[in-house]
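Enquirer: Pasting in a structure now, in structure tokens, and then I'll have a few things to ask.
The values are calculated or read from the model by the stated rules, or taken from the named source; none is laboratory data. Note that the structure is predicted; figures quoted are calculated from it, not measured. So basically every Cβ, Gly included, is an ideal-geometry build from the backbone, and we count neighbours across all protein chains shown.
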Amino acid sequence: MLRVLWRVAAVLVVFCAGVVACEALYHLMSRHGVAITGDEPSYIMLAQAMSHSSVHITATIRHDLSARVFGNTYPPNATAANVERAAGPTGIVSPFDPGLSVLLLPFVVVFGPVGGGTLGVIAVNVAGLIWLHRRSSYLGRVDAVGQVVLAAVFALPAVGVAATQIYPDLPSGLLAGAGVVELAIVERDRRVSATSLAAITVSVAGIAWLQPKNVIFALLLLVAVLMVVVLRRPITPRIGLAAFVVVSVGSLAALGVYNTHFYGHLLGLPEPPLKVTRSGIQRTIGLLWDRDQGLFVQAPFCLIGLGCLVAYGWRRLTFSAGVTFAYFAAILVLNGMYPNPYGGYSLAGRFMWTLLGLSLPWIGLALGRAAEVRKPLGVVLVVVLVAWVYQVEPILAGLREYYNPLAANYHPWPTWWRGLDHILPRFGNTSAIFGAPPGRTLLEVGLEAVAVGWTLWWLRKPLGRRHTAVRTQTSR
């Protein structure tokens, strides 16, 4: 009992430290031009309206504009036309589904719209990162040193910046990551624990309420869980499984009813039709390798995790790996082909934040493999810490520009790896489908392929004498 209390206390301390650190980071960013802009006020306004038992936001818009709640986000003479809103069958509502606003609601009520909204999204994201760290450590059987390395990766400044923004992208990724990691634990242990079942239920039932596109993940994970139960036959509590199906299907059905009632459409406010274009393909590739937007640029260690998922988890964790890569591809295409390039005037990399939450947990497989083959992680920790310092230095020096270059005439500024501009490509405002110039993309992909290949070679399991002798006799 004492050990359990000690662990709970340790997690609470880490959670509080993470929230304080992200709040300090946000205030530092706000001194350099980052503010609650774009769609962010809409999520807060919906939370304010919900605090008065309504999802209609007309009164909230009028109050917030007259009281200048969001400062200079809106001009002094702003009207409701300046605010993101939608005219639904029942009146004016937020154009966004209510999931994120529900999470922000208690913080907005207690700490006010601006402070509460920022604190709320930070608290949600930090809690999600801590949960993923603990469960991916359990999945990979990561030792103490490996857990420190994993924590340093999870706390990369690029991740911290994403955690301060009031958008559903990162929470969606964290919720998706939680679901696939728990499914992987079920596949490995051949047992459906109460913890795994509860986490998967929350993932399936909750993620679609954050963004309509997340319905894809909810259905993928729901089907994958049922297939694992049928084909792998893990030890499964029948009542718990029945509750999972009822809650998951019921939540998706309730979302459909909500969307139909308030938007007149089953999947929420209709989005612009998806069109496959040359620029869309370019931006899709850019979500992985663009110098400002790319997942493997802002958090290159994710590529190591995904590589290890293929190398070490594909056979044992077939369904969780399949859901991960299927949803990864879906988000990549949907966000890359979206007509508003990279989300418009929001922070660079926002459209890959969901992929960030989906990729980070699998780094635990690499670290667990290192512990299994008794590889020292001291050098790995040094590499991660150097990367950490490299990313945070321009932030502390006030040299980091945060918003999308495409929204600011694409003027040059420091990337996440200042000094490496000459080898990192750009994917936008160029006719080159594979980035400008294409040679930089080839160099970046080549270097990352070498890094993944070397990591897999380094983590190979050496054959012992006995194993070697048996193999030699068999070959004869």
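Enquirer: Go over the candidates Val452, Val382 one by one and state the one that is at pLDDT 90 or above and either part of a loop (DSSP other than H, G, I, E, B) or surrounded by fewer than 17 Cβ atoms within 10 Å (Cβ to Cβ) (or both).
Expert: Step by step, each of Val452, Val382 is checked, and only Val382 is at pLDDT 90 or above and either part of a loop (DSSP other than H, G, I, E, B) or surrounded by fewer than 17 Cβ atoms within 10 Å (Cβ to Cβ) (or both).
Enquirer: For the range 316-346, enumerate the residues that are within 11 Å of Arg283 (Cα to Cα), among the hydrophobic types (A, V, I, L, M, F, W, C) and assigned to a loop (DSSP other than H, G, I, E, B).
Expert: Across the range 316-346, the qualifying residue is only Met337.
Enquirer: Name every residue in the range 230-243 that is in a helix (DSSP H, G or I) and within 12 Å of Leu197 (Cα to Cα), in order of residue number. Spell out the reasoning first.
Expert: Just the residues of the range 230-243 that are in a helix (DSSP H, G or I), to begin with: 230-231, 238-243.
Of everything in the range 230-243, those that are in a helix (DSSP H, G or I) and within 12 Å of Leu197 (Cα to Cα) turn out to be Arg238, Ile239, Gly240, Leu241, Ala242, Ala243.
Enquirer: Is it true that Ala199 is modelled with pLDDT under 95 and either buried (at least 22 other Cβ atoms within 10 Å of the Cβ) or closer than 19 Å to Trp131 by Cβ (or both)?
Expert: Taking the combined requirement at face value, the residue does not satisfy it.
Enquirer: When you scan the range 263-315 for helices (runs of 4 or more DSSP H) that lie fully inside it, which ones turn up with 3 or more residues that are modelled with pLDDT of 85 or more and closer than 19 Å to Lys213 by Cβ?
Expert: Answer list for the range 263-315: 278-289.
Enquirer: Pick out the one residue from Val93, Val102, Val69 that is out of contact with any Asp or Glu (no Cβ under 9 Å at 6 or more places or on another chain), among the β-branched types (Val, Ile, Thr) and modelled with pLDDT of 95 or more. Walk me through it before giving the result.
Expert: Values: Val93 fails: modelled with pLDDT of 95 or more; Val69 fails: modelled with pLDDT of 95 or more.
Selected residue: Val102, the only one of Val93, Val102, Val69 that is out of contact with any Asp or Glu (no Cβ under 9 Å at 6 or more places or on another chain), among the β-branched types (Val, Ile, Thr) and modelled with pLDDT of 95 or more.
Enquirer: Looking at Val323, is it closer than 26 Å to Arg418 by Cβ, touching a residue at least 40 places away in the same chain (Cβ under 8 Å) and among the β-branched types (Val, Ile, Thr)?
Expert: no
Enquirer: List the number of the failed condition for Val229; all other conditions in (1) within 15 Å of Phe319 (Cβ to Cβ); (2) among the hydrophobic types (A, V, I, L, M, F, W, C); (3) at pLDDT 95 or above; (4) surrounded by 15 or more Cβ atoms within 10 Å (Cβ to Cβ) hold.
Expert: Just one mismatch for Val229, condition (3).
Enquirer: Next question, about the same structure. So which residues in the range 1-32 are touching a Leu at 6+ places or on another chain (Cβ under 8 Å) and closer than 16 Å to Gly115 by Cα, if there are any at all?
Expert: Scanning the range 1-32 gives Val19, Glu23, Leu28.
Enquirer: Return the total of residues in the range 339-368 being surrounded by fewer than 24 Cβ atoms within 10 Å (Cβ to Cβ), over 17 Å from Val159 (Cα atoms) and either under 13 Å from the mean Cα position of the chain (by Cα) or at pLDDT 90 or above (or both).
Expert: 1
Enquirer: Do you know which residues across the range 422-445 are at pLDDT 85 or above, over 10 Å from Gly286 (Cα atoms) and in a loop (DSSP other than H, G, I, E, B)?
Expert: Leu424
Enquirer: Also, I was wondering about something else. Taking the criterion of being aliphatic (A, V, I, L, M) and in contact with an Asp or Glu (Cβ under 8 Å, 6 or more places away or on another chain), would at least one residue in the range 262-281 satisfy it?
Expert: no
Enquirer: For the structure I just gave you, tell me whether Ile92 is over 30 Å from Pro157 (Cα atoms), touching a helix residue (DSSP H, G or I) at 6+ places or on another chain (Cβ under 6 Å) and assigned to a helix (DSSP H, G or I).
Expert: When the stated conditions are applied, Ile92 does not pass them.
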